[in-house]
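The values are calculated or read from the model by the stated rules, or taken from the named source; none is laboratory data. Quick caveat, the model's predicted, so the values are computed rather than measured. Cβ atoms come from the backbone with ideal geometry, glycine included; neighbour counts cover every protein chain shown.
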Amino acid sequence: MTPQGGPGDATGHDPTDLLPPGYRAGDWVVTELIGAGGWSTVYAARPADAPQDGPVRVREGRSSGVTDVALKIMPTAGLAPRQARRIVESAHREVELGRRAGHPRLIGLRESFVLSAPDLPAVDGAIVLVMERAAGSLRELLDAGVSEADRGRLIAGICEGLAHLHRSGWVHADLKPENILLGRDGSVKLSDFGLATELTGTHGYVPPMGTLDYLPPERWRAPLGELGVQVRPSADIWALGVVVHEVFASGASPFPGATPVARGAAVQEYGEGRAPLRMDLAVPPFWRALAADCLAPTHAARAPHTAESLLARIAAREGTGDTGARRLRGVARAAVLAAALCGTAGATLWSDAVREGASAGPGRAVGTLTVFNAERGCQDRADRDPQCSLGLAIDPQGPYAADNVVTTRVWHGDALTADCRLPDGQPIVDEAGLQSTLWFRVRLRDGSTHPAAWLPAVRTKDRPALPGCPPSTAGR
């Protein structure tokens with residue numbers, strides 16, 4: 001999704017009820033609500049000239065292969081002149097940055113227009129940004145749990161985006177997990193540039209807004225001038241330090257307090273040298289040192305630690321870069337497909353580090369597997385809800401997608417007969433974060449279109465001592 005930040009709804013309208021599904025906005029047709037914030041509401045949309053079903057290809061002039069987009073609707077109706085001007089300025093910043101600083105690590109802006117909707121006064125005259133649609137946000141991933149092996153690659157992707165922004169002369173000014181998105185290919189993409197500012201020399205100016213949990217100490221004391229509040233790239237580096245801590249500490253802030261204001265007070269205490277920086281013990285030493293550099297209490301102490309230098313440190317340790325990024329994208333793509341197939345809500349990343357070796361030694365010719373669904377709401381064996389059914393793959397080495405499953409479905413508690421195991425199939429993760437590349441070949445009932453299919457090991461708690469499957473059986 002494309003989450004938004006900002007104050008409470010300033011228009012007085014229900015932000016979730018502005019555009020109904022099927023409504024045409026410019027060249028796009030709204031399909032569903034994605035999310036809402038104080039100044040904007042985001043909807044999924046498809047091209048108006050696209051077929052209702054089947055694969056959608058966008059028209060000439062838009063990126064090929066995109067099936068839908070995100071429409072960021074920014075109404076101005078009913079606002080005070082100053083509020084409306086702020087929204088226009090915010091939209092202008094996003095458009096300018098999208099036009100001049102495009103990059104694979106930044107969410108793509110496709111077009112912008114003013115919505116003419118006399119039948120809907122609440123959005124008539126609203127600014128519409130047509131944006132690349134993402135699969136999920138880092139915040140959603142933190143809530144679901146990030147695998148240890150993928151944390152470094154995620155942070156490296158954030159650094160890549162920040163490094164490009166800063167080289168291009170921009171400061172994001174609102175970096176946080178909600179604004180760090182995962183592309184459809186699993187790549188990291190920074191988003192929501194409503195507060196982004198172009199640098200004039202060493203600094204720029206932003207409105208007195210932002211997300212309290214990610215503001216550096218100097219922002220709490222910065223004077224409000226005629227142009228706004230002064231901000232430098234080191235403010236993004238501070239926010240990155242908070243994000244790094246959250247990634248390794250299950251979403252927890254490095255500063256104590258039950259509310260953002262209380263945590264902000266702790267930031268100020270630390271910035272003034274009256275309190276030490278205390279990070280969660282779950283943060284490993286390398287990342288603890290990197291986060292501490294990002295969280296240096298002053299701009300001057302933080303300035304040497306640029307996004308590029310931080311990325312170089314991560315690459316030297318993690319072996320990331322293009323190869324690592326490609327691997328992350330491939331793994332994430334499989335995760336999105338598996339999540340869609342099994343009815344889960346968010347996108348999940350994982351590692352293929354958990355791999356089980358083939359059992360080539362003696363063992364039983366067949367074994368029994370009991371299907372396991374990690375979703376607690378799907379563990380009632382009496383309720384065979386289609387939404388809780390699980391797919392058996394045709395080819396365990398291909399994407400675990402809808403076109404790679406047999407028609408026979410299985411549910412939690414079903415007993416299946418397996419005759420061999422494949423240790424190096426498509427990596428799969430379940431809703432609880434269990435991950436594996438191990439698959440079992442299972443036998444299907446007579447009359448099935450396929451005589452056999454494949455169950456990922458994360459869908460069972462059984463580990464029968466089966467022989468390894470001959471290579472020729474994959475895909476059968």
Open item on the list: Go through (1) at pLDDT below 85; (2) touching a Ser or Thr at 6+ places or on another chain (Cβ under 6 Å); (3) within 26 Å of Glu148 (Cβ to Cβ) for Cys342 and report which single condition fails.
Closed with: (2)
TODO: Please enumerate the residues belonging to segment 223-254 that are over 17 Å from Ala301 (Cβ atoms) and free of Cβ contacts under 8 Å to residues at least 60 places away in the same chain.
DONE: Pro223, Leu224, Gly225, Glu226, Leu227, Gly228, Val229, Gln230, His245, Ala249, Ala252, Ser253
Task: Answer from Gly161, Gly136, Gly145 - the residue that is of a type outside the set (A, V, I, L, M), out of contact with any helix residue (DSSP H, G or I) (no Cβ under 7 Å at 6 or more places or on another chain), over 22 Å from Asp192 (Cα atoms) and at pLDDT 80 or above - done: Gly145
Open item on the list: So if I check each of Gly264, Gly210, Gly257, Gly204, which one is in a helix (DSSP H, G or I) and small (Gly, Ala, Ser)?
Closed with: Gly264
Open item on the list: Restricting to segment 118-133, name every residue that is part of a loop (DSSP other than H, G, I, E, B) and either assigned by TED's automatic domain parsing to the domain that holds Val429 or within 16 Å of Gly26 (Cβ to Cβ) (or both).
Closed with: Pro118, Asp119, Leu120, Val123, Asp124, Gly125, Ala126, Arg133
Open item on the list: Pairs please, first residue from segment 272-290 and touching a residue at least 60 places away in the same chain (Cβ under 8 Å) and hydrophobic (A, V, I, L, M, F, W, C), second anywhere and part of a loop (DSSP other than H, G, I, E, B) and surrounded by 14 or more Cβ atoms within 10 Å (Cβ to Cβ), Cβ atoms under 6 Å, 6+ apart in sequence or on different chains.
Closed with: none
- [ ] Can you tell me which residue among Gly61, Gly37, Gly65 is at pLDDT below 80 and under 18 Å from the mean Cα position of the chain (by Cα)?
- [x] Gly37
Open item on the list: Just to verify a result, which residue in segment 208-227, among those that are surrounded by fewer than 17 Cβ atoms within 10 Å (Cβ to Cβ) and at pLDDT below 90, is nearest to Ala36 (Cα to Cα)?
Closed with: Pro208
